Every structure is written in structure tokens, then in C-alpha cells.
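A quick write-up on the structure given underneath.
The values are calculated or read from the model by the stated rules, or taken from the named source; none is laboratory data. Note that the structure is a prediction, hence the values are computed from the model and not measured. Using ideal geometry, Cβ is built from the backbone for each residue, glycine included, and neighbour counts are taken over all protein chains shown.
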Amino acid sequence: MSTTATDPADPAAQAAQAEQADPTVRHVDHLVIGAGFAGLCAAIKLQEDGEHDFVVIEKGDDVGGTWRDNTYPGAACDVPSQLYSFSFAPNPDWTSSFSPQPEIQAYLRRVARESGTLDRFRFGTRVEDATWDDATARWTVQTSAGTWSAGSLVVGAGGLSEPKLPDIEGIGDFCGHLFHSARWDHDVDLAGKRVAVIGTGASAIQIVPEVQRVAARLDVYQRTAPWVIPRNDRRYSALERAALRRMPGLQRAYRTAVYWARETYVPAFTLEPGIAYPARKLAEANIARGISDPDLRERVTPHFALGCKRVLISNAYYPALAAGNVDLVTDRIARVTPTSVVTADGTEREVDVIIVATGFHTTELPITEHLVGRRGRTLAERWRESGMAAYKGTTVPEFPNLFLLVGPNTGLGHSSMVFMIESQVQYVRQALRTMRLNRYAALEPREDVAARWNDRLQQRMKRTVWHRGGCSSWYLDEHGRNTTLWPRTTFGFRAALREFDAAAYAVRGEPAPLPTGTIPPTPQQTEDVPA
Ligand code: N01
């Protein structure tokens, strides 16, 4: 077989040569991992830019990501739907201000269908590993359905996709039904059952009121009480929806109003936690309204600054805890037996079903164990040494042509992740355009630039409520560094990613002179709220 060298800056020639070498490998310009909000956004925008040679690899059997997986009763978004949706695909048909999961899932399915990209999606396919090949300047991606070779890799695998199970003695020996909130077992009928819910985070507080209504008894195991403010949910009337449908300008104005209202939380989170005093009063009033028993009120009142952990919203949670068939258990769980949960004080509570609402692997993302960079080590290995960090939350030194969506320090405690995803996808489009125009085979951020970016970010983090608020949370890694959240405004994030800053990158492949008149138009950020 011929091994004639090809121009490393010419992906087509590289692909052709590799195909000759191994005809079982399929070649694409771009491979996207994940078909949630992030992967779908990437696919739609790649297509819009004329980048038709891509594939989306998705382990599930549908689009939707976390909104496909979290089907527990009561699942709904805690960011208003007018903002928690793509700016380029407004939906006038949301039935209420905080949409339930089935509506969000239906929205994502519709957007995917109408985008005309679905034929590039490979469902039921798991990425086993992805390895950078320096010789060809391409990623080799092993999947459960064969091997792909891709010029660039866009990872939209999600930060909340891998359920985290609690490490409790005996939990594996439980003989009743046990499942995680993100893997709800709909075959289990909870009516008349004795149920335990472990955890009191965003998922649990939505699950508890639903289970309380049908279960014979419900034990809620709380390790740390969360702050819960009222949920100002409202159903839209048919008239309102008709108005939103007929007047797109009205919907844009609505979205803009929600955006700015949410952005007013930022100073309390990132500058001075004391600013959140009115929200704290709201949360205390929420407790007082829902619970009359002083002892229970005391036990659900957090002892840390509001915002330190995710602020939850619910009108139904406290009344459910106060119901006659519910016990809030604040003693530590010592062990689980085949039929019961035993707490440290020796109390044993018999249960038929245990619902584990203990969150996700957020600071050691499982996909990173499978991404092997230029130096032959995985992204997980790099991050074990240096902590989870990326340049602008998106690119990582040592990992050429890799783009992380919802990467390190892009999470939010107050607003819509869809806004952050669109900002990142804009950046990726600019990067790919730069590569095409200049015939770069590969680019990766410079170590010094990435380090400066992250030093500044961590410096800023010290002022935030997530560090000063007196709690432990999944925002922080084992060294106490906040590697998950963005510590500034979302419009600040968008501004930082608006243009691709090629000078921050090491590139491979010589720039070629551009023939005049053939420069493709700059991909424009969809007109959105802060523009
Ligand atoms: O998970 P969490 P989640 N023994 O990690 C407790 C998004 N989301 O699935 O606080 C006993 O927040 C743990 O206790 P503690 C949103 O971004 C959004 O609820 O660590 N308890 C905590 O109470 C959210 O932040 C929406 O002391 C244990 C709970 O389990 C993220 O998903 C809805 C334990 C875990 O809370 C995750 O939320 C749902 C143990 N061993 C989720 N281990 C909406 O948009 C953990 N806990 C509405």
C-alpha cells in the first residue's frame, strides 16, 4: 500500500489517503458527540455555514440529551422557556412560563426535524474513544458502530449526563426497586408504596411533591437543606400564545425582558452575596408559607448564603414535606439493607422503593477518559494533573481541533445554558472558518494563554458566593476550585467568544493566499438579547 506523504493542510487529501489505507474507516470533516441542545445547535450551525460533511454520534435513541433522559414526574425547567430555547428557533407555543420536560423534548425533536440535519445523526451509537493522530492531523473515533476519522471533534456530551450514585454501604443489596432520578423506572407504580428519596437538590424537589401525592409513605433523606424560592409559574392563555405567534417582535421583547431580569442575579453571585438579601427573605417566606411546624421549618432552613448552592424554585416542595405521609430525615444514612434504610442514630425505615436523586458526575466528566490528545494522554489525565480547565471553556492545549460545548466554567446558576451554548457554537464556527480560509490543518490554544485565562477566572472566582457562601457543592472540585461555573455576566461570556482570537492559538499548516472574492461571509451570531 502506498504511503506517499500528503499535504497536512489539505483535509480532503488526508482523508482520501487514510481511506485508501483502511476502507472500513468513514471520513468526515467534523464529528459531533451528543444530540442534546449543544450537539443539535452545532449540527444546525455547521449546516448553515455550508459545512455539510459532518456526523452526530449519539448514544441514546433520540435527540434531547438531559431532556430525553430526565423523565421523572414533575420534571420541568427552572429557567423560563422563552429564554431556555434557541434564539434562532423561538417557540410561541410554550404552555407555561416554566416548561415541563415533555414540551422541551418535543421542541428539540421539532427543531431537529425542521433543521434537515437528522440524516447525519447516528443514534444508539456510543463513542468508545477518540484519539488525535498527529501524522494525519485528524481524530480517529472508535464507536460501538465502527470507526470514524474526523478533522475536528465537537463534544456536546453534557455536564449532567452521567448519574452519580451514592456510595452507601449495602445499597447494592437492596431487594426492592432502586433507580436514579435521571433513569426513572416508569414500570414501578409508586401508588400505595413506601418510598425513600435520597437527596434534596433540583431534581428531588420536583420529584418529592409528585411522589407524596401517591405514596403511602415517603422518607426524604436530606444531607444539606437547599434554598428554595417561590416558583412564579403561569400558564399562557390561548390569546397570549396567539399574540406571540403573530408578533415575533413581542416574543423577542419577552425573551429580552426575561434575559435581563435573570442577569440582575449576577452581582449577588459574583460580587457581593449580601445583595441577595431580598431573595433570602423570599425563601424564608416560602418556608413559612409551606410549613407550620417550627422544628421542620428549622430543619429545612439552610445555614449558608443563598446562591452558594443552586437556588431552587418550588411552591409545592415545602407543603409536600409538611404532609402527614412524609418524614424529612436529616440523620446521616448509615447503610441500606435488603428492605430498609438505616440512619446513624440506629433508626431503620422499611421501604419498597429507593429513588436516588444524588446528581451527576460534573467535575470528572466521563467522556474525558476517552479523549486522547497529542501527547498520548487522555483529557481526564491532563485534568487530574491541572484541574478541569479549558480556554474560554471551549478549547484545550494538547488537544488540537477539539471543541468542548458546555466545557469547564461555562455553567450558570441563574440563566439559560442555551445562551452559553450558542455563544460557544459561534466561537467554534469562527475557528473552523479561520482554519478553512488559512488552510490550517490543526489548531490548539497556547498553554500560556490558556493558563492566563484560567488564572484570571479563578482569581475572580474568589469573590463569588460559591467560594464565600459557606457551603460545599458540585460546583467545586476536590481541591475546592470552581471549575464548573462562569463567574461573570452571560453577555461578558458572549463578548469574549464573539470573535475567534487566532493569536491565542498554535497552528499547523501554512496560511495560503486567499483568492479575492471567494471569502465566505462571516458567520453571524443570531440576533439575540444582548446584541
Ligand atoms: O443533583 P444535585 P440534581 N447521601 O447534585 C444529595 C440541573 N437540574 O439532580 O447537597 C445523601 O444538585 C446532595 O446533598 P448535598 C441543575 O443544574 C435542573 O438535583 O451534596 N445525600 C443533594 O441534595 C442541578 O443543579 C433542573 O449535601 C446525597 C442531592 O443529593 C443539577 O441538574 C432539574 C448523597 C444532589 O443534588 C443537578 O441536580 C433538575 C449521599 N451520599 C436538575 N450524595 C431544572 O431545570 C448526594 N446527595 C428544574
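Tabulated data for the structure shown
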quantity	calculated
Residue selected from region 358-400 under the condition more than 16 Å from the chain's Cα centre (by Cα) and of a type in the set (Phe, Trp, Tyr), by the criterion farthest from residue 451 (Cα to Cα)	399
Residue satisfying condition, being free of Cβ contacts under 8 Å to residues at least 12 places away in the same chain and outside the structural domain of residue 206 (by TED's automatic domain parsing), within set 376, 387	376
Number of the condition not met by residue 265 [criteria: (1) away from the ligand (no atom under 16 Å from the Cβ); (2) modelled with pLDDT under 95]	(1)
Filter pass, residue 43 being within 16 Å of the ligand (Cβ to nearest atom) and either part of a loop (DSSP other than H, G, I, E, B) or aliphatic (A, V, I, L, M) (or both)	no
Pick from region 430-472, criterion within 16 Å of the ligand (Cβ to nearest atom) and in a helix (DSSP H, G or I), ranking: farthest from the chain's Cα centre (by Cα)	465
Qualifying residue in region 168-185 (condition: of a type in the set (Asp, Glu), closer than 23 Å to residue 474 by Cα and within 16 Å of the ligand (Cβ to nearest atom))	yes
Residue 369 vs. criteria away from the ligand (no atom under 15 Å from the Cβ), in the same structural domain as residue 424 (by TED's automatic domain parsing) and out of contact with any Ser or Thr (no Cβ under 6 Å at 6 or more places or on another chain)	no
Any hit, region 291-309, residues being on the phi > 0 side of the Ramachandran plot, within 16 Å of the ligand (Cβ to nearest atom) and crowded, with 18+ Cβ neighbours inside 10 Å	yes
Count of region 340-354 residues which are buried (at least 16 other Cβ atoms within 10 Å of the Cβ) and either within 30 Å of residue 395 (Cβ to Cβ) or more than 11 Å from the ligand (Cβ to nearest atom) (or both)	7
Residue identified as touching a residue at least 24 places away in the same chain (Cβ under 8 Å) and not β-branched (Val, Ile, Thr) among 414, 467	414
Residues of region 316-339 classified as touching an Asp or Glu at 6+ places or on another chain (Cβ under 6 Å), part of a strand (DSSP E or B) and away from the ligand (no atom under 14 Å from the Cβ), total	1
Which numbered condition residue 116 fails, given (1) over 23 Å from residue 45 (Cα atoms); (2) surrounded by fewer than 18 Cβ atoms within 10 Å (Cβ to Cβ)	(1)
Residue in region 170-189 that is surrounded by the fewest Cβ atoms within 10 Å (Cβ to Cβ), counting only those that are more than 29 Å from the chain's Cα centre (by Cα) and either in contact (Cβ under 8 Å) with a residue 40 or more places away in the chain or assigned by TED's automatic domain parsing to the domain that holds residue 37 (or both)	175
Output for region 436-464, where each listed residue is free of Cβ contacts under 8 Å to residues at least 24 places away in the same chain and of a type outside the set (S, T, N, Q)	448, 451, 452, 455, 456, 462
Selection within region 482-497 - touching a residue at least 24 places away in the same chain (Cβ under 8 Å) and surrounded by fewer than 20 Cβ atoms within 10 Å (Cβ to Cβ)	488, 489, 491, 496
Test result for residue 349, farther than 24 Å from residue 35 by Cβ and modelled with pLDDT of 95 or more	yes
Residue in region 192-210 that is more than 15 Å from the ligand (Cβ to nearest atom), assigned to a helix (DSSP H, G or I) and in the same structural domain as residue 280 (by TED's automatic domain parsing) present	no
Exclusive hit being over 30 Å from residue 381 (Cβ atoms), touching a strand residue (DSSP E or B) at 6+ places or on another chain (Cβ under 7 Å) and not hydroxyl-bearing (Ser, Thr, Tyr), set 109, 120	120
